[in-house]
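The values are calculated or read from the model by the stated rules, or taken from the named source; none is laboratory data. Keep in mind that what you see is a predicted model, and the values were worked out from it rather than measured. No Cβ is skipped: glycine too gets one built from the backbone with ideal geometry, and neighbour counts run over all protein chains shown.
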2 protein chains.
Amino acid sequence: MALGRLIIDSGERSANLRYASGFSTPDDFIWFEAGGVRGVVMSSLEYNRAKSFASPGVAVFSDDEFGGPNRLDVIKNIAKQWYLDGFIVPENFPLLLADKIRGCGLTVQAEEKNFFPEREFKTESEVEKITRSLRAAEAGCRRAFEVLREADISSEKTLLWNGVPLTSELLRFEIDSTMMKHGMLATGTICAGGFQGSQPHNTGSGVLYADMPIVMDIFPRSAENGYWGDLTRTVVKGKPSSVVKKAYEAVLEARETAKKLIAPGANPKDIHNAAVRVLEKYGFYTGKNESGDYGFFHGLGHGVGLDIHEAPRLSYRVTEPLSKGIVVTVEPGLYYPEWGGIRLEDIVYLDNSGKARCLTEIEDFLIV
Amino acid sequence: MALGRLIIDSGERSANLRYASGFSTPDDFIWFEAGGVRGVVMSSLEYNRAKSFASPGVAVFSDDEFGGPNRLDVIKNIAKQWYLDGFIVPENFPLLLADKIRGCGLTVQAEEKNFFPEREFKTESEVEKITRSLRAAEAGCRRAFEVLREADISSEKTLLWNGVPLTSELLRFEIDSTMMKHGMLATGTICAGGFQGSQPHNTGSGVLYADMPIVMDIFPRSAENGYWGDLTRTVVKGKPSSVVKKAYEAVLEARETAKKLIAPGANPKDIHNAAVRVLEKYGFYTGKNESGDYGFFHGLGHGVGLDIHEAPRLSYRVTEPLSKGIVVTVEPGLYYPEWGGIRLEDIVYLDNSGKARCLTEIEDFLIV
């Protein structure tokens, strides 16, 4: 059976499409591979821009060449022109369109695995782009350190900066606007203090307090090339409690222990569990009670590239050995509603000689 | 046949999911409706946050209650518990999972139309949220006017601001950082001068020039509530050519003419064509030559809400009459590679009394 390959999505949403085409659009367009041709099919609105930005080797077609703007017509005409029986598509291909294509007698087969498995293994140029986004994250983080150092502590233990309450929103603005100067998009920067920090995805809101950990998870995306950086630091303005100090040491040691285990052939589950053992050595256990999960209840890390979360995953569920060329975060954390959260995240590149290189340069410290 | 309703997506990507659940997450989660229950199924990581932020009437379940983190298990268990034969899903439901659910003997039927048709008709509270995002866009735009007024013109006709070249990137930074102070995310602001402005989706790069139109299309999204604003203004620093002046007048008259036609029962195709006729009256025709499309070659407008582009569309392809409650952009434009582009965009709300209210307040002018 002759099957082509097909993606329909927007470049902004689909890292696969951006990887395949070399550019990004707000609206959906079609990428296909058939009979040795890799091409994109663009509307009038995007045709000229696609011509300017498409990767070498990607042919740019106007939808007029395949029967107009109706996507089903275009797909039928591609199949006809290259004598295809159907297409292999990414797992998230839209169902309604798939059913319609099938209704025309063509096969549509969703890929079980990654559509471009090679995305997991970064070229030097990709590593360089990720590093640039990471440097922007570090610049944002340094700006946050600066703001926190300049801040005063009120008699109610709230933070004040330039005479106004220092909120999560204000700190985020200082981080994000710094990153924007580096050409980054920032859409979910976490600045979560105290209890909010105990919910790993709580972005944080309201005034920040002294003596409590502030989790800053900073993940900018390059507006130009779409590659992400990812960085987390946790700091306290003022005096951390002894449990926070101990948790910080535990998380830092867990991260450094895990980083040393990243090597070709290493098992992600083993690396995750090694981090868990360090946390337990310090007395921090993971579990669940009436108020939810506590301890360390997320994966240790994930690949970073054109997606912020991509292959490979470092988790207790994953046993497929690591290979050269991956770029992964290592980000253990501890979360307890009683005192908040601590998370420390670096990025490691397993280079083509098999050496693990930490791409993150910014320092670690607890008290800012 | 007993069918539930099912969405699997991330709140950041899926406006339907955000509409249904009331919150947003970076990772995928499940929303369902079955036997009168509307619920979300969350991982440990998001459970507590979902509890805090879910809309009234949305039950928050942990994935443990449906057999653990495997999505297929959760879906099978939901079907079992509510005696369902399957699910109706949004048109973009992921194909691989749909095929697997079907493989378990359950029906999966992709909705042809909008999954929540009621999203097209805004409540006063939604209009208020869109207006707030629009006000942030206007604040960003005013900042751009200010920067352009402060700019100097070099002997090579490039713009200088505070002694440095004024680029698209720098102008965008000034707009976006202003909007961020209003709690907005800005991810694709267009500041496109000269030839770049003739490509409607070119975001613009490099130094800006005097005497040429600069298209600024500004569409922030509220970080808090997810509603978008949308605004376009086009200005010239210096002296516009006579064709640019005429094109500006034509686009402005086309927009105002179209806005007056927005009413309950009006036909989008007729409104679009009325705008085209105004442009033609000024001598601006639409067509295609060897360098691509020229004239007015995109739709007149689109609904705005939790998606930046949503129902209803104002286009020559759409004949379904407009209803009360819609919020739509009206944004005619003219694009010619020889001199660039002009686009002017307002937002109109067709309120429940049937009156069209322009939500956009910022002024129109060509020479800044």
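Scanning region B:27-59 for residues that are more than 18 Å from B:Val74 (Cα to Cα) and either in a helix (DSSP H, G or I) or in contact with an Asp or Glu (Cβ under 6 Å, 6 or more places away or on another chain) (or both) turns up B:Asn48, B:Arg49, B:Lys51, B:Ser52, B:Phe53. May I ask you to verify whether A:Phe145 is out of contact with any His (no Cβ under 6 Å at 6 or more places or on another chain) and without any contact (Cβ under 8 Å) to a residue 24 or more places away in the chain? For A:Phe145, the condition - out of contact with any His (no Cβ under 6 Å at 6 or more places or on another chain) and without any contact (Cβ under 8 Å) to a residue 24 or more places away in the chain - is not met. Kindly evaluate A:Ile153 against the criterion of being touching a residue at least 60 places away in the same chain (Cβ under 8 Å), closer than 18 Å to A:Leu366 by Cα and touching a strand residue (DSSP E or B) at 6+ places or on another chain (Cβ under 7 Å). So A:Ile153 passes the test. Residues that are more than 7 Å from every other protein chain (Cβ to nearest Cβ) and on the phi > 0 side of the Ramachandran plot within region B:182-205 comprise B:Gly194, B:Gly204, listed in sequence order.
Annotation for region A:178-189: no member residue is buried (at least 22 other Cβ atoms within 10 Å of the Cβ) and over 20 Å from the mean Cα position of the chain (by Cα). Checked against (1) within 14 Å of chain B (Cβ to nearest Cβ); (2) surrounded by fewer than 21 Cβ atoms within 10 Å (Cβ to Cβ); (3) within 27 Å of B:Tyr316 (Cβ to Cβ), A:Asp63 passes all but a single condition, namely (2).
Quick check on my filter: what residues within region B:283-293 are buried (at least 19 other Cβ atoms within 10 Å of the Cβ) and either more than 10 Å from chain A (Cβ to nearest Cβ) or at pLDDT 95 or above (or both)? Result: B:Phe284, single match.
Within region A:110-130, being closer than 14 Å to A:Leu6 by Cα, modelled with pLDDT of 95 or more and surrounded by fewer than 19 Cβ atoms within 10 Å (Cβ to Cβ) holds for A:Glu111, A:Phe116. Among the conditions (1) facing chain B (nearest Cβ under 10 Å); (2) in contact with a helix residue (DSSP H, G or I) (Cβ under 6 Å, 6 or more places away or on another chain); (3) closer than 30 Å to A:Gly354 by Cα, the only one that A:Phe115 does not satisfy is (1).
Across region A:72-112, the number of residues qualifying as within 13 Å of another protein chain (Cβ to nearest Cβ) and aromatic (Phe, Trp, Tyr) comes to 2. The residues of region A:265-324 that are among the basic types (Lys, Arg) and within 24 Å of A:Phe219 (Cβ to Cβ), listed by number, are A:Arg313, A:Arg317. Could you say whether any residue in region A:64-81 is within 21 Å of A:Glu224 (Cβ to Cβ) and without any contact (Cβ under 8 Å) to a residue 40 or more places away in the chain? No, region A:64-81 contains no residue that is within 21 Å of A:Glu224 (Cβ to Cβ) and without any contact (Cβ under 8 Å) to a residue 40 or more places away in the chain. Of the residues A:Val89, A:Val41, A:Val37, A:Val74, the single one that is under 24 Å from B:Gln196 (Cβ atoms) and at pLDDT 95 or above is A:Val41. Scanning region A:94-125 for residues being among the aliphatic types (A, V, I, L, M) and farther than 18 Å from B:Leu97 by Cβ gives a total of 1. In the set (1) closer than 21 Å to B:Leu185 by Cβ; (2) of a type outside the set (Asp, Glu); (3) touching a helix residue (DSSP H, G or I) at 6+ places or on another chain (Cβ under 9 Å); (4) outside any loop (DSSP other than H, G, I, E, B), the condition left unmet by B:Ile101 is number (1).
Which of the residues that make up region A:12-26 are assigned to a loop (DSSP other than H, G, I, E, B) and free of Cβ contacts under 8 Å to residues at least 40 places away in the same chain?
A:Glu12, A:Arg13, A:Gly22, A:Phe23, A:Thr25, A:Pro26
Among the residues making up region A:125-147, those that are under 18 Å from A:Glu345 (Cα atoms) and of a type in the set (Lys, Arg) are A:Arg132, A:Arg135, A:Arg142, A:Arg143.
In region A:326-343, of all residues being among the hydrophobic types (A, V, I, L, M, F, W, C) and surrounded by fewer than 24 Cβ atoms within 10 Å (Cβ to Cβ), the one that is farthest from A:Tyr294 (Cα to Cα) corresponds to A:Ile326. Of the residues examined, A:Gly163 is not one that is within 13 Å of chain B (Cβ to nearest Cβ) and among the small types (Gly, Ala, Ser).
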